[in-house]
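Colleague: Got a structure for you, questions after.
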Amino acid sequence: MFGSARGQVRDVVFVDGVRTPFGKAKGVYAETRADDLIVRVIRELLRRNPSLPAARVDEVAIAATTQIGDQGLTIGRTAAILAGLPESVPGYSVDRMCAGAVTAVTTTASSIAVGAYDVAIAGGVEHMGRHPMGEGADINPRFIAERLVDPSALIMGSTAENLHDRFPAITRARADAYALASQEKVAKAYANGQIQPDLVPMAARHADTGWDLVTTDEPPRPSTTLEGLAGLRTPFRPHGRVTAGNAAGINDGATGCVLAAAEVAAELGLPAKMRLVGYGFTGVGPDVMGIGPIPSTERALARTGLSIDDIGLFELNEAFAVQVLAFLDHFGIADEDPRVNPYGGAIALGHPLASSGVRLMTQLARHFVEHPEVRYGLTAMCVGLGMGATTIWENPHHPAVTSGGDAG
């Protein structure tokens with residue numbers, strides 16, 4: 001029998017999350033291995049949580065979209081060994097494109113809930129400078145020959161242009177204004193010291209200049225202006241609406257978190273920064289993959305018995321501004337709503353594909369501390385090939401929780 005009583009589902013908590021600073025492709029991590037990025041994250045999680053014996057980690061699940069080279073070879077297992085975890089700790093790799101780290105979290109959390117594990121490490125890594133999305137892939141010609149998907153489905157920027165076509169009220173000017181706000185919020189969060197606590201300083205070697213210590217994200221452009229954004233070209237369509245300024249970049253980075261059964265976290269003296277309430281994944285047309293977070297959020301809300309009005313904080317992955325704006329419009333949320341991405345998002349910070357989901361969760365956990373009046377928050381993201389991913393979390397600092405009331 002597993003650790004929990006037969007038929008009992010245990011509460012799962014988010015203990016801690018960290019990430020490397022994100023880099024630009026061919027930037028600060030150009031000569032750094034992908035597996036070294038995720039190893040640094042795992043080691044930092046253990047360092048920050050000394051009451052967690054390494055041998056108590058039951059699983060390591062690490063995602064990568066392009067599972068090749070130094071981010072291939074069952075990277076969850078290889079990274080666990082390289083990080084110094086006992087040989088008894090197993091590991092595996094995950095691929096759900098952009099939602100890889102989300103899937104690593106929900107899969108291991110589900111195993112914890114049924115008692116198969118007590119503690120797990122979940123995260124993701126993507127070195128897009130070394131391994132561009134789709135490197136080495138052999139796309140079946142039936143996708144196009146049999147018109148199973150629109151040809152634009154294989155080009156993420158084109159899917160964003162398709163989304164602009166579907167929602168003409170989301171103009172380029174509106175997308176640019178959203179992008180500028182993301183840059184400004186990131187700059188403000190950095191100035192307030194709100195992002196730095198969960199960054200892991202990363203040593204990066206360069207053959208020409210030697211070693212560097214990376215302590216901040218490389219992609220943000222705090223000097224961005226609306227005028228500058230308006231002057232950018234539209235690479236995916238002549239006279240289009242998607243630019244490098246209102247979309248996430250091509251980035252490198254790693255994220256990771258510790259998950260545990262609530263009672264195990266209490267036993268070990270580990271913090272419980274969030275409680276997992278539920279999650280939802282869904283599929284949509286691959287050529288409009290940006291709408292994925294809408295049905296995945298509806299599914300997660302329905303499965304948990306919550307409504308959008310119960311959600312007080314949103315961490316939405318900004319793959320493209322149009323994708324976030326479509327989500328906000330659907331749920332009747334204003335573009336400038338302060339509940340949405342309080343520290344900014346991927347347009348400024350970067351989006352190293354499979355790793356981004358845990359960045360969203362780590363930031364949501366930080367927001368919960370700052371906003372004890374908020375009981376529920378969610379993370380959501382669109383996913384390549386037409387999917388959406390949403391997780392819903394409860395704030396342990398909310399009065400209804402701290403008073404011992406209904407756990408929701």
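Colleague: Dipole size in debye (nearest 20) for the chain around its Cα centre, Lys and Arg Cβ +1, Asp and Glu Cβ -1? Mind dumping the intermediate values first?
Modeller: Details: 34 positive and 44 negative charges, 38 e Å.
I would put it at about 180 debye.
Colleague: Need one word for segment 249-297: rounded, prolate or oblate. Basis is the Cα gyration tensor (sqrt eigenvalues a ≥ b ≥ c); a/c below 1.5 gives rounded, then a/b vs b/c decides. Let's see the in-between values first.
Modeller: Values: a/c = 4.67, a/b = 1.87, b/c = 2.50.
Oblate.
Colleague: To continue, here is another question. Counting GluC sites (Glu not before Pro) as exposed when in a DSSP loop with at most 15 other beta carbons within 10 Å, what is the longest stretch of the chain free of them?
Modeller: 147-335
Colleague: Straight distance only, please: which aspartates and glutamates reach the Cα of LYS188 with their own Cα at less than 17 Å, same-chain residues fewer than 8 apart left out?
Modeller: In chain and number order, the partners are ASP198, ASP217, GLU218, GLU315, GLU336, ASP337, GLU370.
Colleague: Picking from THR282, GLY210, ASN246, whose Cα lies most toward the positive end of the charge dipole for the chain (charges on Cβ: Lys, Arg +1; Asp, Glu -1)?
Modeller: So the residue furthest toward the plus end is GLY210.
Colleague: Calculate, for ALA145 and SER403, the FRET efficiency according to 1/(1 + (r/R0)^6) with r their C-beta to C-beta distance and R0 51 Å; round to the nearest 0.05.
Modeller: Computed FRET efficiency for ALA145 and SER403: 0.25.
Colleague: Rounded to a whole number, what % of the accessible area of the chain do carbon and sulfur atoms account for, probe 1.4 Å?
Modeller: The value for the chain is 55 percent carbon and sulfur by accessible area.
Colleague: Using the Cα centre as the reference, give the magnitude of the dipole from point charges on the C-beta atoms of segment 276-408 (Lys, Arg: +1; Asp, Glu: -1; all else neutral), rounded to the nearest 20 debye.
Modeller: That gives a dipole near 400 debye.
Colleague: Right, another one. Quick check: net charge around ASN162, other residues with Cβ under 15 Å of its Cβ, Lys/Arg +1 and Asp/Glu -1?
Modeller: Here the charged neighbours net out to 0.
Colleague: Between THR74 and THR209, what length comes free when the chain is fully extended (0.36 nm per residue of separation minus the Cα-Cα distance, one decimal in nm)? Walk me through the numbers on the way to the answer.
Modeller: Values: separation 135, 0.36 × 135 = 48.60 nm, distance 3.22 nm.
Extra length from THR74 to THR209 when fully extended: 45.4 nm.
Colleague: Whole-Hz Karplus ³J(HN,Hα) for segment 233-243, in order, using 6.51 cos²θ - 1.76 cosθ + 1.60 and θ = phi - 60°, x for Gly and Pro?
Modeller: Running phi through 6.51 cos²θ - 1.76 cosθ + 1.60 with θ = phi - 60° gives 7, 10, x, 9, 6, x, 6, x, 10, 9, 10 Hz.
Colleague: Also, I was wondering about something else. How about segment 182-263: which chymotrypsin sites (Phe, Trp or Tyr not before Pro) there lie in a loop by DSSP and see at most 16 other Cβ atoms within 10 Å? Intermediate values should be presented prior to the final figure.
Modeller: Numbers: sites: TYR190, TRP211, PHE236; in loops: PHE236.
Answer by residue number: there is no such site.
Colleague: Could you tell me which of rounded, prolate or oblate describes segment 57-106, using a ≥ b ≥ c as the square roots of the eigenvalues of the alpha-carbon gyration tensor, with rounded for a/c under 1.5 and, failing that, prolate when a/b is larger than b/c and oblate otherwise?
Modeller: Working: a/c = 3.05, a/b = 1.42, b/c = 2.16.
The shape class here is oblate.
Colleague: Here is a further query. With every protein chain left in place, what is the accessible area per residue of the chain in square angstrom, probe 1.4 Å?
Modeller: On a per-residue basis, 39 Å².
The values are calculated or read from the model by the stated rules, or taken from the named source; none is laboratory data. None of these values were measured; they are calculated from a predicted model. Here Cβ is always computed from backbone atoms with ideal geometry, including for glycine, and neighbour counts include all displayed protein chains. Remember, those area values only see protein heavy atoms, side chains included, never the ligands or the DNA or RNA. Shrake-Rupley method; radii C 1.70, N 1.55, O 1.52, S 1.80 Å.
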